[in-house]
1. Going by alpha carbons, how many degrees (0 to 90, nearest 10) lie between the helix axis of B:9-28 and the longest principal axis of chain B?
2. Distance between the C-alpha centers of the range A:164-241 and the range B:71-143? Whole Å please.
3. Over the heavy atoms of B:E217, what accessible area does a 1.4 Å probe trace out, to the nearest 10 Å²?
4. So for the pair B:D291, A:C153, with labels modelled 7 Å out along Cα→Cβ, what separation do we get in nm?
5. Could you give the radius of gyration (one decimal) and Dmax (whole number) of the Cα atoms in the protein assembly as shown, in Å?
6. If you build a Gaussian network model of chain B, linking Cα atoms that sit under 10 Å apart, which residue out of B:N123, B:N70, B:N34 swings the most?
7. What angle do you read, to the nearest 10 degrees and between 0 and 90, between the alpha-carbon axis of helix B:33-52 and the longest principal axis of chain B?
8. On average over all directions, what projected area in square nanometres does the range B:7-53 have, based on the convex hull of its Cα atoms?
Amino acid sequence: MVLDAFRKQKNVAAPLELENRDIPDGIWSKCGHCGEILLNKDLIRNYKVCQCGFHFRLTAPERIQMTLDSGSFREIDAGLLPVNPFALSDYAGKLVEARNKSGLNEAVIYGEGTIDKIPVVVVVMDTNFMMASMGTVAGEKITRAMELATAECKPLIIFAASGGARMQEGILSLMQLAKTVEALARLNEAGQLYITVITDPTTGGVSASFAALGDIILAEPDSMIGFTGPRVIEQTIRQKLPEGFQRAEFFKQHGFIDKIVPRPQMKETLAKLLALHLQGEK
Amino acid sequence: MAAILEFERPIQELENKINELRKFSSEKGIDLSNEIAILEKRAGEVRKSIYGNLNSWQHVLIARHPQRPNTYDYINFIFDDFIELHGDRYFGDDPAVVGGVGWFNGRPVTVIGQLKGKDTNENLARNFGMAHPEGYRKAVRLMKQAEKFNRPVICFIDTPGAYPGIGAEERGQFEAIARSMSVMSTLKVPIVTIVIGEGFSGGALGIGVGDRILMQEHAIYSVITPEGYASILWKDSSRARDAAEAIRIIARDILELGVADKIIAEPLGGAHQDPEAAAAMLGKALTETLDELLKLKLEDLTSQRYEKFRSIGNLK
């Protein structure tokens with residue numbers, strides 16, 4: 001399948017005119033890299049990639065739509081709600097806000113579907129929900145996805161994105177790192193394929209647990225990845241970080257990422273990799 | 001003499017008075033033993049009352065006390081013929097993580113621990129106990145070695161977090177931590193992890209995936225330091241005390257939350273008041289825990305390790 005490359009839109013409104021105005025939701029988006037104002041319907045058609053190559057962050061439903069065969073996705077545990085183990089009122093407020101903003105119950109969705117007719121278990125993290133931080137329920141859903149892939153002998157694909165562990169859940173959120181890593185070990189022992197797709201940004205505990213442990217690690221161009229976020233590093237060492245530091249290309253160069261895949265080629269690349277790992281004949 | 005923490009002042013004042021009376025009594029040849037006994041009794045009560053009612057922040061201060069025994073101290077006290085083994089075989093040797101082999105109760109064991117210093121120079125040399133990727137890769141190497149020779153692994157956790165620097169990121173801090181946890185999750189020998197001071201973030205957990213998690217009475221364990229929590233969530237790092245209360249980081253809480261398995265008592269006022277006694281208490285707890293684990297069949301050991309983490313924050 002040949003996917004459409006981005007076709008430059010001729011009649012985009014002049015960026016200067018709109019620059020200092022609020023961009024109405026749902027019609028236009030401004031490129032975070034080149035500043036170009038883009039029509040959302042064109043942007044969606046082009047996988048939310050600007051002609052300059054900038055990859056807009058996706059919502060989880062958009063990711064599913066762009067990656068899985070149409071209509072194949074069946075979400076599991078959609079109704080699981082986050083917990084507030086220490087009954088923090090500011091956290092309770094943030095959760096409500098996040099739910100309203102993202103339309104999701106948690107930062108993680110998972111389920112079953114197909115890619116080029118190959119059945120997979122897929123996990124998608126959505127940064128619109130509290131920067132896709134990993135709390136108890138996010139960790140639980142990821143673990144269940146791993147256990148499902150193990151039980152049903154299906155490959156697992158995780159689109160990682162996260163600001164890290166969800167601090168408001170304290171030690172319980174930290175322990176989700178261990179929990180997911182343990183579950184992955186079982187998937188690994190079962191000989192199942194696990195592909196990680198690093199998307200922008202993947203940092204903190206999520207980078208330092210399941211996201212780093214794919215049999216194959218793909219990344220979207222220019223995604224930020226790393227254990228410690230750039231601001232904390234700059235504060236610690238008191239110097240500016242070099243351009244491109246902690247980007248996917250940087251980590252590919254340093255040997256931590258297998259391949260950088262622009263979004264329009266993502267489904268095709270995943271399909272090829274899945275086919276190469278099918279048990280038995282093609 | 002251990003440095004005095006702010007909340008310990010009342011104890012200190014009483015002790016000063018007792019010392020003055022003693023000095024006065026011996027210089028002047030006046031018998032003040034009654035007065036001294038009264039004050040000593042009072043000091044004992046104040047000690048019990050202060051140390052028995054510590055708030056979370058006071059635990060933090062004890063956990064970070066500059067004279068608190070560190071990994072080396074416990075190694076020296078409770079393991080015989082310890083031989084430190086260096087290097088990750090890829091890049092270098094991380095001074096913030098020590099590891100090696102020694103005897104414990106007549107059995108060879110592998111010991112790995114984060115190491116904080118006790119003064120500025122030591123801390124600079126040890127990076128304040130903040131590991132680079134090489135530290136986790138050294139840990140992995142020593143754990144695989146322990147597995148080969150079928151000896152238990154004992155990990156001491158004592159770190160504010162993994163080192164946040166350019167080299168650490170460049171050499172894959174995230175991968176090093178993830179890999180270490182992954183290796184621990186399937187290691188075919190018992191692993192006991194003991195939080196002896198502060199355990200924060202994936203930097204701590206990077207050597208923390210064990211069959212049992214023990215915490216010393218004044219140790220603290222969480223996802224991020226109280227300072228980090230306050231600074232990121234409240235944009236105000238001076239509210240670290242509030243953060244320490246809010247997210248429950250002290251040993252008692254971590255036990256209640258089902259993460260820690262056992263609390264190891266410390267000498268009154270903290271391990272630094274009597275390091276040798278603290279080490280004896282730790283050694284006893286370690287003996288009991290290891291005895292339990294060594295009785296298990298391998299498949300029970302690894303399945304229990306799985307269940308331990310699987311059930312944390314379990315949803316009904």
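The values are calculated or read from the model by the stated rules, or taken from the named source; none is laboratory data. Here the structure is a predicted model, which means the values were calculated and not measured. Ideal geometry is used to build each Cβ from the backbone, glycine not excepted, and the neighbour counts take in all protein chains shown. SASA here: full protein model, heavy atoms, side chains in, ligands and nucleic acids out. Shrake-Rupley method; radii C 1.70, N 1.55, O 1.52, S 1.80 Å.
1. 50
2. Cα centres, the range A:164-241 to the range B:71-143: 25 Å.
3. Counting only protein heavy atoms, B:E217 exposes about 70 Å² to solvent.
4. A separation of 4.6 nm, rounded to one decimal place.
5. Gyration radius and largest Cα-Cα distance of the protein assembly as shown: 26.7, 103 Å.
6. Most flexible of the set in this elastic network: B:N34.
7. Helix B:33-52 sits at roughly 30 degrees to that axis.
8. Values: hull surface 11.5 nm².
For the range B:7-53, averaging the hull's shadow over all directions gives 2.9 nm².
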